[in-house]
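Q: Sharing a structure here in structure tokens format.
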Number of protein chains: 2
Amino acid sequence: MVYLDNAATTYPKPDCVYDAVDRFNRSSAVNAGRSLYRKAKEATEMIQNTKQELLRLCNAEKDAVAVISPSATIALNQLIHGQKWDSSKNAYVSFYEHNSVMRPLSLARELHGFRICAIPHHREDLSLDPEAAREMFKKQRPDFVVLSAVSNVTGYILPVGEIFAMAKEYGAFTVLDAAQAMGFLPMDFRSLHADAIVFAGHKTLYSTFGAAGFILRNDAPLDVFLSGGNGIRSTVLKMPDTAPEKFEAGSPDTPAIAGLQAALQWIKTVDIYHHEKELMEYLISGLEDIPDVTVYKAPGGMERQGGVVSFNLADLSCSVVGIILNEKHDIAVRTGHHCAPAIHAYLKDMKNNGTVRVSISYFTTKEDIDKLITAVKEIDLEEARRIPPMQTC
Amino acid sequence: MVYLDNAATTYPKPDCVYDAVDRFNRSSAVNAGRSLYRKAKEATEMIQNTKQELLRLCNAEKDAVAVISPSATIALNQLIHGQKWDSSKNAYVSFYEHNSVMRPLSLARELHGFRICAIPHHREDLSLDPEAAREMFKKQRPDFVVLSAVSNVTGYILPVGEIFAMAKEYGAFTVLDAAQAMGFLPMDFRSLHADAIVFAGHKTLYSTFGAAGFILRNDAPLDVFLSGGNGIRSTVLKMPDTAPEKFEAGSPDTPAIAGLQAALQWIKTVDIYHHEKELMEYLISGLEDIPDVTVYKAPGGMERQGGVVSFNLADLSCSVVGIILNEKHDIAVRTGHHCAPAIHAYLKDMKNNGTVRVSISYFTTKEDIDKLITAVKEIDLEEARRIPPMQTC
């Protein structure tokens with residue numbers, strides 16, 4: 001299989017991650033943070049070390065704590081529903097946001113009646129427009145801003161630091177969804193002006209499912225959304241007052257966290273950023289050379305391009321391209337709307353029912369890209385039009 | 001290590017579980033439910049099969065669906081916060097409940113102002129009193145009842161079916177917290193009269209962390225609490241209307257679910273129930289023979305005893321007993337309040353700061369129990385009183 005669906009989950013992971021998860025499962029997977037015995041203490045210590053590494057990765061040791069959640073989706077639910085919403089509030093998003101943001105935010109709006117506003121963008125290239133955002137903030141003060149670090153559809157690296165800095169002048173709570181970024185993009189907590197950075201261990205951090213969470217600025221105001229036992233003051237019916245404990249309920253997934261720890265060590269030893277940048281340039285130029293291909297890439301050139309890009313072939317349903325790539329060539333791409341509800345109106349991909357998304361990782365090779373390009377070139381449009389499209393999601 | 005903290009998490013797991021998780025991680029851990037390519041489809045199918053096995057385990061194939069959540073704590077948050085609360089409502093719990101129930105329920109009460117009532121119990125043996133509950137229901141109609149299948153402190157198997165059946169006469173939503181039971185206690189969905197049964201893959205189901213959830217009666221009324229992308233109708237800002245999809249947001253933890261599938265197969269090949277019953281009887285009689293030991297066991301005898309029991313030694317802080325067992329004998333038990341806030345007032349264990357909890361699994365042996373009994377017998381009270389207690393949780 002040529003795997004080009006790394007934005008869904010990076011695959012494969014480095015061997016050290018598999019080894020760490022397996023070793024921890026077999027030899028140490030007790031319940032951390034609750035007991036006095038040796039293995040429980042070792043597991044607790046391992047979690048602390050992993051959190052320190054996460055803080056180090058975005059230069060946030062002095063300013064923030066790391067909260068572990070089972071998934072980035074759950075972390076975003078915690079951050080969105082943990083706000084003090086009321087009908088006077090304004091939440092800002094970009095039209096690049098994922099349903100892990102848009103669905104909880106819409107649900108919160110249903111419950112509390114606030115406004116969801118879109119950060120303005122330039123029509124011609126779909127880049128965000130910080131100057132227009134500044135004007136908009138003056139009229140409708142931002143209380144909450146959530147932005148993706150990297151679009152999971154076009155790979156656009158959003159100008160988040162600039163927009164968050166403006167929003168911070170109004171005291172907004174700022175959330176960076178770095179599911180497609182942490183581990184890939186260098187990050188500096190202070191210059192991002194984020195109250196929280198959400199990460200997904202199983203995506204650009206090259207670990208397995210089960211360990212995700214958020215970096216939370218010290219004293220960022222956030223209410224409890226998820227609660228439960230955590231081994232701290234069991235006879236009190238409230239979660240503890242201080243982060244990260246305040247936001248961590250239930251048994252931690254120790255083997256997944258051990259995998260994340262191994263991944264964080266591995267990330268230091270490789271140059272993911274330049275590997276992906278180089279491959280993406282090669283991929284995009286290859287796609288652009290194919291007649292009838294429309295490429296949906298980042299505005300602003302390679303400087304702004306992450307490890308994701310989308311395309312369509314003529315008027316074909318994206319699903320048909322996905323089916324041909326899978327069945328004829330064993331190439332795995334994702335087709336459809338990629339859980340990003342708003343962007344497609346702007347990409348004008350309705351006739352294609354979404355896009356074919358190609359997403360790479362450190363383990364993607366030039367040969368993988370060559371196979372994809374050759375396969376797309378070989379697609380016979382007449383023949384392809386006779387394949388019934390599948391429902392895309 | 002003699003591991004007797006199986007109520008925190010069973011350890012070890014059967015080898016087939018470790019093997020399944022590792023194999024799936026290395027060869028198939030793509031993102032399920034979102035894509036057309038072969039491995040994604042295989043992962044989706046594996047999840048479907050696991051859910052069928054879960055339904056089969058409690059004889060619920062015709063009446064319910066299985067929802068996968070990352071942890072039992074998150075499942076309980078979904079079930080508690082997914083109710084239509086208002087200040088007129090009455091929620092019933094037993095005093096055996098865990099903080100994974102009590103904390104979200106208390107938080108929901110803070111937000112919506114309903115009442116939390118305790119199911120009455122017999123003072124003399126701490127067994128629940130269904131007849132008194134019937135009378136109480138007449139005066140304060142039950143809208144929501146949540147009960148543990150097995151107490152995680154004394155191992156008491158609660159008379160849940162009887163109480164749920166009465167509550168159902170008032171149309172209450174009934175939740176069984178089977179974190180300490182599913183896989184150990186035989187269960188029949190219909191005779192339990194539960195709307196939902198919560199399970200924790202990593203406890204009595206002998207799988208790893210990361211796959212838990214709830215069995216939900218078809219058409220049981222439950223609102224969305226957690227939302228996000230799930231590969232279904234991405235352009236719609238709401239979760240789908242039908243279960244289980246309605247309650248599953250974010251990437252499923254496919255390797256953990258593969259581990260659960262292997263565990264469910266393994267469970268069919270062994271007799272966990274009788275193994276644990278026999279060992280518990282041996283353990284309890286061994287503890288009761290030691291002078292100065294107080295045993296906190298299930299009311300109603302072995303018939304009502306799960307794989308958990310608690311004890312204290314004279315006036316010693318439970319933590320001191322835990323420290324001695326760990327440091328001198330490498331025996332792992334849990335000490336403190338076990339995230340169960342209400343029961344300790346009734347156990348009268350305040351002078352001991354909680355209890356020493358011993359919890360067994362299919363892999364616990366008679367030799368393990370012998371080592372524990374011998375170690376407890378050897379504790380010199382005078383010497384032990386000089387050890388500073390640790391803070392227990």
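Values in this text are rule-based calculations from the coordinates and carry no lab data. Note that this is a predicted model, so its numbers are computed, not measured. With ideal geometry, Cβ positions are generated from the backbone for all residues, glycine too; neighbour counts draw on all protein chains shown.
Q: Taking only Cα atoms and a 10 Å spring cutoff, compute GNM fluctuations for chain B and point out the largest among B:Glu124, B:Glu276, B:Glu288.
A: In the Gaussian network model the winner is B:Glu124.
Q: Compute the label-point distances linking B:Glu169 to its equivalents in the other copies; points lie 7 Å from Cα along Cα→Cβ; give nm, one decimal, shortest first.
A: Going from nearest to farthest copy, the values are 6.7 nm.
Q: Please compute the alpha carbon radius of gyration of region B:264-391, then divide it by the globular-protein estimate 2.2 N^0.38 Å. Two decimals is fine.
A: 1.07
Q: Also, quick follow-up: Net charge around A:Val358, counting only other residues with Cβ within less than 11 Å of its Cβ (Lys, Arg = +1; Asp, Glu = -1)?
A: Once positives and negatives cancel, what remains is +1.
Q: Moving on. Around B:Ala314, which amide H atoms from residues at least 5 apart in sequence, or from another chain, sit under 5 Å from its own amide H, with H modelled in the peptide plane?
A: Placed amide hydrogens put B:Val293, B:Thr294 under 5 Å from B:Ala314.
Q: While we're here: Could you work out the relative contact order of region B:306-393? I mean the mean sequence separation of Cα pairs under 8 Å and 6+ apart, divided by the number of residues, in percent.
A: Relative contact order for region B:306-393 comes out at 43 percent.
Q: Something else now. Per DSSP H run of at least 4 residues, take -39500 (n - 2.57); add these up for chain A, divide by its residues and hand me the 222 nm value, nearest 500 deg cm²/dmol.
A: Rounded to the nearest 500, it is -11500 deg cm²/dmol.
Q: Could you go through region A:84-89 in sequence order and give the Karplus-derived ³J(HN,Hα) for each residue, using 6.51 cos²θ - 1.76 cosθ + 1.60 with θ = phi - 60°, rounded to whole Hz, and x for Gly and Pro?
A: Once rounded to whole Hz, the list reads 8, 6, 8, 5, 7, 7.
Q: How many angstrom lie between the C-alpha centres of region A:137-161 and region A:51-79?
A: Spelled out, the Cα-based centre of one part sits 19 Å from the other.
Q: Longer than 32 Å from Cα to Cα, which of A:Lys238/B:Lys168; A:Lys328/B:Lys62; A:Lys139/A:Lys277 are they? Say none if no pair is.
A: Exceeds cut-off: A:Lys328/B:Lys62; A:Lys139/A:Lys277.
Q: Further question: Quick one: work out the % antiparallel among DSSP beta bridges in chain A, nearest 5.
A: Just about 55 percent of them are antiparallel.
Q: If you split all Cα-Cα distances of region B:15-267 into 5 Å bins from zero, what percentages do you get per bin, shortest first?
A: In whole percents, the pair-distance histogram is 1, 6, 13, 17, 19, 16, 11, 7, 5, 2, 1, 0, 0.
Q: Report the Stokes-Einstein translational diffusion coefficient (µm² s⁻¹, integer) for the protein assembly as shown, Rh taken as the Kirkwood radius over Cα pairs, at 20 °C with viscosity 1.002 mPa s.
A: D, rounded to a whole number, is 79 µm²/s.
Q: Placing one identical point scatterer on every Cα of region A:151-263 and ignoring solvent, what is log10 I(q)/I(0) from the Debye formula at q = 0.14, 0.20 Å⁻¹?
A: So the normalised log intensities are -0.69, -1.17.
Q: Turning to a different aspect of this structure: Residue by residue through region A:268-282, which ³J(HN,Hα) values in whole Hz follow from phi under the Karplus form 6.51 cos²θ - 1.76 cosθ + 1.60 (θ = phi - 60°), with glycine and proline marked x?
A: Per residue, the Karplus-derived 3J(HN,Hα) values read 5, 9, 10, 10, 4, 4, 6, 4, 5, 4, 5, 5, 5, 4, 5 Hz.
Q: Between copies, how close do the A:Lys139 label points come, placed 7 Å along Cα→Cβ, listed in nm from shortest?
A: 6.0
Q: Which of these, A:Thr294, A:Thr73, A:Thr269, has the largest mean-square fluctuation under a Gaussian network model of chain A (Cα springs below 10 Å)?
A: Among A:Thr294, A:Thr73, A:Thr269, the largest GNM mean-square fluctuation belongs to A:Thr269.
Q: What does the copy distance list look like for A:Lys366, label position 7 Å along Cα→Cβ, in nm and ordered from shortest?
A: 6.8
Q: Could you identify which residue out of A:Gly259, A:Gly228, A:Gly307 has the top mean-square fluctuation in a GNM of chain A using Cα springs shorter than 10 Å?
A: Highest fluctuation of the listed residues: A:Gly228.
Q: How big is the antiparallel share of DSSP beta bridges in the protein assembly as shown, given as a percent to the nearest 5?
A: 55 percent
Q: In whole Hz, what ³J(HN,Hα) sequence does region B:312-324 give by Karplus (6.51, -1.76, 1.60; θ = phi - 60°), x for Gly and Pro?
A: My calculation for region B:312-324 gives 9, 10, 6, 9, 5, 4, 4, 5, 5, 4, x, 5, 5 Hz in order.
Q: What does the charge count near B:His329 come to, summing +1 for each Lys or Arg and -1 for each Asp or Glu among other residues with Cβ under 10 Å from its Cβ?
A: Net charge around B:His329: -1.
Q: Which cross-chain or sequence-distant (5 or more) residues have an amide H under 5 Å from the amide H of A:Phe173, H modelled 1.01 Å from N in plane?
A: Sorted by chain and number, the residues that satisfy this are A:Phe144, A:Val145.
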